[in-house]
Amino acid sequence: MATLVTFHAHPDDECIVTGGVMRKAFEDGHRVVLVVATRGEAGEIPDFLEDGEELWQRRVIETHAAADLLGVSRVEFLGYRDSGMMGDELNDHPGSFWTADVEEAAQKLAAILVEENAKVFTTYDSFGGYGHPDHIQTHRVGMRAAEIAGTPAVYQAMVRESEFRQAFKLSGIEEPPELAEGAVPESEINVGVDVTKYLEVKRKAMRAHASQIPEQSFFLSLDEPTFAHAFGTEWFIREGHEPATSLDL
């Protein structure tokens, strides 16, 4: 049994970009650990929160529910605040992940990698998929933590914009805006893992994050073939390695 540690910026990110490989690792008999940088304080506030309930409290509950579905044995939050979208005043809020000292945050994460004797680790690509400050910081902190811990197999999760655009087109939903300058080109992707076997549980994990992924959202409104097209393969960059169709567990 090996250990996979997967690192994400906010609750719900884990099921969208790595939910399939997490469940696959679990079903293959490996230990799966989820680390989340923030509690998603800057997310959309739903109208079903209980009196006195903070959004972050609900999102922590949702994370644990999704983690149970994905086969996660341990969930850890690093304790930073959600920084909001790029240019938001929350970027500079005291305690935001965007303002965190990279070395300090990496040391916290590296301690988990060492404790778990992680063989495989996932973070994000250098653009964080779509330029969100917390996603960019997840890349910076994650790569440094893996270096400190000496984790042998490091994968940078990313999305293929072309697949999402095709899914939007097939669904009849208005296309999303172009990714900003600085996005990592798809040509750098060298690992694609077929997770179609795990799409049902991946979708259930998305549903567990009901505060941010309602039934009418893009993610859950897609029909099964279109959902499979958009989410049936999870994509990564593994620097310095040949193309692969699985994580090195």
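The values are calculated or read from the model by the stated rules, or taken from the named source; none is laboratory data. Because the structure is a prediction, the values reported are computed rather than measured. Cβ: placed from backbone, ideal geometry, glycine included. Neighbour counts: every protein chain shown. Only protein heavy atoms, including side chains, enter the accessible area calculation; ligands, DNA and RNA are left aside. Shrake-Rupley method; radii C 1.70, N 1.55, O 1.52, S 1.80 Å.
Observations, loosely collected:
- Note on the stretch 4-24: residues that are open to solvent by less than 10 Å² (accessible area, probe 1.4 Å), over 8 Å from the mean Cα position of the chain (by Cα) and more than 15 Å from residue 66 (Cβ to Cβ) amount to 2.
- Residue check for residue 136: part of a helix (DSSP H, G or I) and surrounded by fewer than 23 Cβ atoms within 10 Å (Cβ to Cβ): no
- Qualifying residue in the stretch 155-176 (condition: on the phi > 0 side of the Ramachandran plot and modelled with pLDDT of 95 or more): no
- Residues located in the stretch 25-39, provided they are open to solvent by 10 Å² or more (accessible area, probe 1.4 Å) and not basic (Lys, Arg): 26, 27, 28, 29, 30
- Every test in (1) at pLDDT 95 or above; (2) crowded, with 19+ Cβ neighbours inside 10 Å; (3) touching a helix residue (DSSP H, G or I) at 6+ places or on another chain (Cβ under 7 Å) is passed by residue 204 save one, and that test is (2).
- For the stretch 207-226, filtered to residues that are closer than 21 Å to residue 60 by Cα and open to solvent by 60 Å² or more (accessible area, probe 1.4 Å), the residue that is farthest from the chain's Cα centre (by Cα) is 215.
- Residue list for the stretch 221-249, restricted to those being of a type in the set (A, V, I, L, M, F, W, C) and part of a loop (DSSP other than H, G, I, E, B): 222, 247, 249
To keep it simple, each residue is scored yes or no on (1) in a loop (DSSP other than H, G, I, E, B); (2) at pLDDT 95 or above; (3) at negative phi; (4) not hydroxyl-bearing (Ser, Thr, Tyr).
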site	(1), (2), (3), (4)
78	no, yes, yes, yes
83	yes, yes, yes, no
87	yes, no, no, yes
90	no, no, yes, yes
98	no, yes, yes, yes
114	no, yes, yes, yes
121	no, yes, yes, yes
127	yes, no, yes, yes
130	yes, no, yes, no
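- Scope the stretch 227-249; condition open to solvent by less than 60 Å² (accessible area, probe 1.4 Å) and not aliphatic (A, V, I, L, M); matching residues: 227, 231, 232, 233, 234, 235, 236, 238, 246
- Among residues that are under 30 Å from residue 99 (Cβ atoms) and surrounded by 22 or more Cβ atoms within 10 Å (Cβ to Cβ), residue 42 is not included.
- Close contacts from the stretch 47-65, counting a first residue that is over 17 Å from residue 204 (Cα atoms) and a second that is open to solvent by less than 80 Å² (accessible area, probe 1.4 Å) and acidic (Asp, Glu), with Cβ to Cβ under 6 Å and a gap of 6+ residues or different chains, come to 56/41.
- Single condition residue 139 does not satisfy, out of (1) modelled with pLDDT of 95 or more; (2) in contact with a Lys or Arg (Cβ under 8 Å, 6 or more places away or on another chain); (3) not charged (D, E, K, R): (2)
- Qualifying positions in the stretch 97-107 - more than 26 Å from residue 20 (Cβ to Cβ) and buried (at least 18 other Cβ atoms within 10 Å of the Cβ): 98, 100, 105, 106
- The residues of the stretch 65-96 that are within 15 Å of the chain's Cα centre (by Cα) and either aromatic (Phe, Trp, Tyr) or surrounded by fewer than 15 Cβ atoms within 10 Å (Cβ to Cβ) (or both) amount to a single one, 77.
- Selected residue (criterion: farthest from residue 77 (Cα to Cα)) from residues of the stretch 28-59 that are in contact with a helix residue (DSSP H, G or I) (Cβ under 8 Å, 6 or more places away or on another chain) and not in a loop (DSSP other than H, G, I, E, B): 31
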